[in-house]
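One structure is given below, encoded as structure tokens.
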Amino acid sequence: MSTSLFGKRVLLGISAGIAAYKSAHLARLLKKTGCEVRVVMTEGAQAFITPLTLQALTGEPVRTSLLDTEAEAGMGHIELAKWADVILIAPATADLMARLAHGHADDLLTTLCLATEARCIMAPAMNQAMWRHPATLANAERLESFGWTLLGPDAGDQACGDVGPGRMLEPEAILSGLEETQASGPDALHGGSFPTEPIPTTPATEPLSPTPATEPRDLAGKRVVITAGPTREALDPVRYLSNHSSGKMGYALATVCAARGARVTLVSGPVALATPAGVERVDVLSAVEMLEAVESALPCDIFIGCAAVADYRAAEVSSQKLKKGDGDTGLTLTLTRNPDIVATVAARAERPFTVGFAAETQSLETHAADKLARKRLDLIVANDVTLAGAGFGSDDNAATLFWPGEGETHRETVSLRGKAELAALVIDRIIERLD
Ligand code: PMT
């Protein structure tokens, strides 16, 4: 059982999405962790799941109406707003996000959100095209600038038959996101009060978001796209070409960027890591899929290619399992070049600040400098993947950063340290070089 949430008063808001059926499980998980849970449902949410279900699971009456005279006599909306340590809305629809982003108070849930000083967290859920719409993305950014934390959305198959980003995170992932915000500081769930002054551009003494007070919000308003993990290039239905990337370095970068206020899309190869809180994750397998996902996530301000992308794929993927012939002594595979993702991004007319990684086993400086120039990167982070305790799969890494200067290439060597620490340093260097 998690102890970081034990005793916290969580107001669970449910809006009108098909993912509302998962909110019942989320309410149970919250109860199991020892939270006090009260539920507020929008009118539309009740078409997907009944208040009675949530009442039975939480043991508390469910509030659905702003003008509920009985409730106003006992716990009015202001009292409820003050009662909560955290407001967690799951699912949060595009419409609810739009209303919250513009300060509406036209039902109980939006009124509570406007009246509260509690930490506010939401798990968006909607059709992929609605999520990708510039209006929704702008609303998401606006909400984050007000101090909201967004968990997800996830990507994958959608109830409407589409595939893409917009799925609500699974209740377990929402719970761990909530725990992470709690772990970000001893008083984290009480530290998310909205500012009473206009939103400052420098970190305020009262944190505007659930990140620790020491974490700078120097990426607020920026969009960052990061690739992480390996790619898998199918040979036949059961075999593939891949490498040893665990995704840890790329996920560390995504975590740091989100904590510093960026809106992050993490395009991930197959890895066994949880999605960092507040990060939109798009899962892919092959290099071609990774390029497609990256291109759909653009434009952005910063692109970081940390994935170990396979340089080659099978020229033809066999539809049947490749068989050994009698007396066969070997197998010849014909491979074809994969697109170079980071170079494709860097070649765009409206290019983001583009960062590559270089995994080297020898002549690190020569190879990294060559990749920096050939791929037209703004910065390259070169790591010697033969170094013990660094590189693929490990929790630590060491690197040399190279970036172009007037007539010379600059460098900075960073000794072995945790990937989170290296990620923070890389982000510092990027920010120093952003226009
Ligand atoms: O995932 P971990 O286990 O934490 O390990 C981290 C790491 C070792 C994978 C990471 O630190 C790292 O070095 N990532 C880059 C690995 C790599 O593919 O390097 P490369 O030198 O082959 O490629 C150079 C750059 O081009 C990289 O930014 C790569 O993402 C990019 N690339 C390569 C090939 C390709 N087809 N498209 C690309 O975008």
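Computed from the coordinates by the stated procedures, all read-outs in this text should not be read as laboratory data. Remember, it's a predicted structure, so these values are computed and weren't measured experimentally. Every residue, glycine among them, receives a Cβ derived from its backbone with ideal geometry; neighbour counts consider all protein chains shown.
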Stretch Ser415-Glu432 to full length: gain in nm at 0.36 nm per residue minus the Cα-Cα span? 4.1 nm
Over the stretch 371-435 - Rg/Rh using Cα atoms and the Kirkwood inverse-distance radius: 0.99
Cβ-based exposure ranking for Leu175, Leu52, in which fewest neighbours within 10 Å come first: Leu52, Leu175
For Trp403, Trp131, Trp148, Trp83, order by how many other beta-carbon atoms lie within 10 Å, fewest first: Trp83, Trp403, Trp131, Trp148
Which number comes out as Rg/Rh for the chain once both Rg and the Kirkwood Rh are worked out on C-alpha atoms? 1.02
For the chain, what is the calculated [θ] at 222 nm in deg cm²/dmol (nearest 500), taking -39500 (n - 2.57) for each run of four or more DSSP H residues and dividing by its residue count? -9000 deg cm²/dmol
Stretch gain in nm, segment Ala349-Leu67, where the contour uses 0.36 nm per residue and the Cα spacing is subtracted: 96.1 nm
Which angle between 0 and 90 degrees, to the nearest 10, do you get for helix 248-259 versus the longest principal axis of the chain when only C-alpha atoms count? 40 degrees
Taking the stretch 1-118 on its own, what percent of its Cα-Cα pair distances exceed 25 Å? 15 percent
If you line up the long axis of helix 419-433 against the longest principal axis of the chain, both from Cα atoms, how many degrees apart are they, to the nearest 10? 90 degrees
What aspartates and glutamates does Lys324 reach when the alpha-carbon gap must be under 17 Å and sequence neighbours fewer than 8 apart in one chain are set aside? Asp236
Label points 7 Å out from Cα along the Cβ direction at His102 and Thr361: separation in nm? 5.8 nm
Cα-projected label distance for Glu295 with Leu387, points at 7 Å along beta-carbon direction, nm: 3.5 nm
Please find, in a Gaussian network model of the chain (springs between Cα atoms separated by less than 10 Å), the residue of Thr53, Thr93, Thr64 whose mean-square fluctuation is greatest. Thr53
How far is helix 287-297 tilted off the main Cα axis of the chain, in degrees rounded to 10, range 0 to 90? 40 degrees
Neighbour-count ranking for Lys321, Lys419, Lys31 (other C-beta within 10 angstrom, fewest to most) reads Lys321, Lys31, Lys419
Would the stretch 305-435 count as rounded, prolate or oblate if I go by the C-alpha gyration tensor, calling it rounded below 1.5 in a/c and otherwise prolate when a/b exceeds b/c, oblate otherwise? prolate
Linear extension gain, Lys82 paired with Asp157, 0.36 nm per residue minus alpha-carbon span: 23.2 nm
